[in-house]
Amino acid sequence: MSWVCPDWLEGLPPLAVPYAVDAPLAGFTTIKVGGCAEVLAEVSGWEEMTALMAAKPVGVPLTIVGRGSNMVVADGGIGGLVVHVGKGCDVVLTEQDGAGFKEKLDSSFRWNDASSLSSLVYAEAGADSGKAARAARDAGLTGLEFFGGIPGSIGGVLRMNAGAYGHETFDDLQKVWVLDAQGVEREMVPAELKPRYRGTELPAGWVYKAGLWKLREGDKEAIRERMREINTARRTSQPLHMPSSGSWFKNVVLDATAWRDFSVLLGFRSACTDVYTCGAQPAQNEKIPDHAAHPGIRLLDDGGAVVSAWRMVDAAGCRGWREGGAQVSEQHCNFFVNAGLAEGKSATAADLDGLSKRVEAEIKAKLGVVMEREVRFTGVDIVA
Ligand SMILES: Cc1cc2nc3c(=O)[nH]c(=O)nc-3n(C[C@H](O)[C@H](O)[C@H](O)COP(=O)(O)OP(=O)(O)OC[C@H]3O[C@@H](n4cnc5c(N)ncnc54)[C@H](O)[C@@H]3O)c2cc1C
C-alpha cells in the first residue's frame, strides 16, 4: 500500500525538515519492520511541535515515534501524521547545569524548597533515556540507573512506564509536562496519568513533553558500577545483536489458585500433597528474587506469583519457533527477533503477528494462561 499526498498537508506549518509523504518507517524502529507513514514530520524543537499540533486538522490521527523500540509498524503503514520526536526536543538538565536548569523549572514549576533542586533531573521526550541516566549519575543521584539499558526515548519510557531491575519510570517522577491535542502545554502530577505496569493513560492525541525526577544522593562510583552491571547482564541475557522490540509479552500475575495449578503443571509440586518436588523451595508466602530452582518466578504475599513472560513461552515449548522472517529468540524467548533481516528477507509485521498468535494459542492450550503483548502494534492493518 502506498500513500498519496493528502489535502490536509497544505494546512500544516513549514518545518526545518520538510514533510515526507509515504515515508518508510522500518528504519525508525529497532525491529526494522513495517510500511510507510502517510506523512512523516521530523520536528526540530518544541515550537515546531506545538505549531504542528495546533494546525493539524481534528480527525487526522497523530502517532508519535520516539526510538521505535517498543513498536511494530503495520505492513500497510500508519495513516495520518507521524511525528518523530528526537533532536531539538532532547534537553536534559540537573542543577549542575546552573541558570538554564533553574530557568526551566522557574518558568513552569514552583519548587518551594530550594535545597531540593540538587536532587532533580529534568529530561525532555526526545532525549535517550540513557542520557538522563548518565546526567543523574554525573550529578551523584541514584534511582535512574535502570534507564541506562533501555533503548527508548524519555517520551517512550513515560508512555510505557518502562521498567527494569525492580524500578519503573514513574517511581521517582515528580512532575510531567504534556501537550494536549491542540498543542497547549500542561503540567500534570504523575498520578493523573494513571501509571500501571507497562502503560499510562495519556489521552489520545496528547504528547509527553518532559518529566522531572526527584532522586536520592548516591556515590558516583557505585552508580557507575551499577550501570555497568546492568549493561553486562543485558548483554549476556538478551539477543542485542538481533533486531527486536525488547520484551514481547508482559509478565503474568497469577492469583493463589492459578499459581497453584500452574506450579503443578510445571512440576514444582504435586497436586495432592502440596509438596514441592524440585529444588529447594521457599515458603509460599516468602517474597523471593529469582531463584536458581525456578528463575523468572516471584512469589507474592497473597499466595499468588508473578511469572516472567519468558517462563511462559519456555514452558509452552515455543523457544526458537519461527514464522517467515520472525523468530522467538533462542537466547531469550520473550524476545521476538527479525531473523530474516540478516538473511536478506526481513520479517513482516504479519509474520510477527502470526508468530505471536501461535505462541499465545500454545500457551493458552498448554498452560491456560492468556498472554498480553507489551509491544505496541501500530498502523492500518493490524489490531493486536
Ligand atoms: C533490546 C531492548 C531492550 C528493552 N528493554 C526494556 C526494558 O528493560 N524495560 C522496558 O520497559 N522496556 C524495554 N524495551 C522496550 C522499549 O525500549 C521501551 O518500551 C521504551 O520505553 C520505548 O521507548 P521508545 O522511545 O522507543 O518508544 P516508541 O517505541 O517509539 O513508542 C512506544 C509507544 O509510546 C508512544 N510514544 C513515544 N513517545 C511519545 C511521546 N513523546 N508522547 C506520547 N507518546 C509517545 C508511541 O506512540 C508508542 O505508542 C526494550 C527494547 C529493546 C529493543
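The values are calculated or read from the model by the stated rules, or taken from the named source; none is laboratory data. Quantities reported herein were computed from a predicted structural model and do not represent experimental measurements. Counting neighbours? That spans all protein chains shown, and the Cβs are built from the backbone with ideal geometry, glycine included.
Only one of the numbered conditions (1) of a type in the set (Ser, Thr, Tyr); (2) over 16 Å from residue 172 (Cβ atoms); (3) modelled with pLDDT of 95 or more is violated by residue 142, and that is (2). Consider residue 166 carefully, then state whether it is at pLDDT 95 or above, more than 10 Å from the ligand (Cβ to nearest atom) and of a type in the set (Gly, Ala, Ser). Against the criterion (at pLDDT 95 or above, more than 10 Å from the ligand (Cβ to nearest atom) and of a type in the set (Gly, Ala, Ser)), residue 166 does not qualify. Of all the listed residues (344, 354), the sole one being outside the structural domain of residue 159 (by TED's automatic domain parsing) and either closer than 11 Å to residue 248 by Cβ or in contact (Cβ under 8 Å) with a residue 24 or more places away in the chain (or both) is 354. Could you tell me how many of the residues in region 14-37 are away from the ligand (no atom under 15 Å from the Cβ), under 19 Å from residue 245 (Cα atoms) and either in contact (Cβ under 8 Å) with a residue 24 or more places away in the chain or over 23 Å from the mean Cα position of the chain (by Cα) (or both)? Here the count works out to 2.
Taken over region 317-341, the criterion of being of a type outside the set (A, V, I, L, M, F, W, C) and within 12 Å of the ligand (Cβ to nearest atom) is satisfied by 329, 331, 332, 334, 338.
Of all residues in region 27-36, none satisfies being under 21 Å from residue 91 (Cβ atoms), modelled with pLDDT of 95 or more and crowded, with 21+ Cβ neighbours inside 10 Å. Among residues of region 193-241 being within 15 Å of the ligand (Cβ to nearest atom) and β-branched (Val, Ile, Thr), the one that is nearest to residue 127 (Cα to Cα) is 207. The strands (runs of 3 or more DSSP E) found wholly in region 313-384 and carrying at least 1 residues that are of a type in the set (D, E, K, R) occupy 376-378.
Just to be sure, is residue 378 within 18 Å of residue 245 (Cβ to Cβ) and modelled with pLDDT under 95? Criteria met by residue 378. A Cβ distance below 6 Å, combined with a sequence gap of six or more or placement on separate chains, defines the contacts here; from region 76-105, residues that are away from the ligand (no atom under 16 Å from the Cβ) reach residues that are modelled with pLDDT under 90 and among the polar types (S, T, N, Q) in the pairs 95/118. Being assigned to a loop (DSSP other than H, G, I, E, B), away from the ligand (no atom under 13 Å from the Cβ) and buried (at least 20 other Cβ atoms within 10 Å of the Cβ) is the filter here, so list the residues in region 38-73 that pass it. Scanning region 38-73 gives a single hit, 56. Go through the residues of region 41-52 one by one and say whether even a single one is within 23 Å of the chain's Cα centre (by Cα), aliphatic (A, V, I, L, M) and at pLDDT below 95. Checked region 41-52: no residue is within 23 Å of the chain's Cα centre (by Cα), aliphatic (A, V, I, L, M) and at pLDDT below 95.
Taken over region 118-146, the criterion of being of a type in the set (S, T, N, Q) and within 16 Å of the ligand (Cβ to nearest atom) is satisfied by 129 alone.
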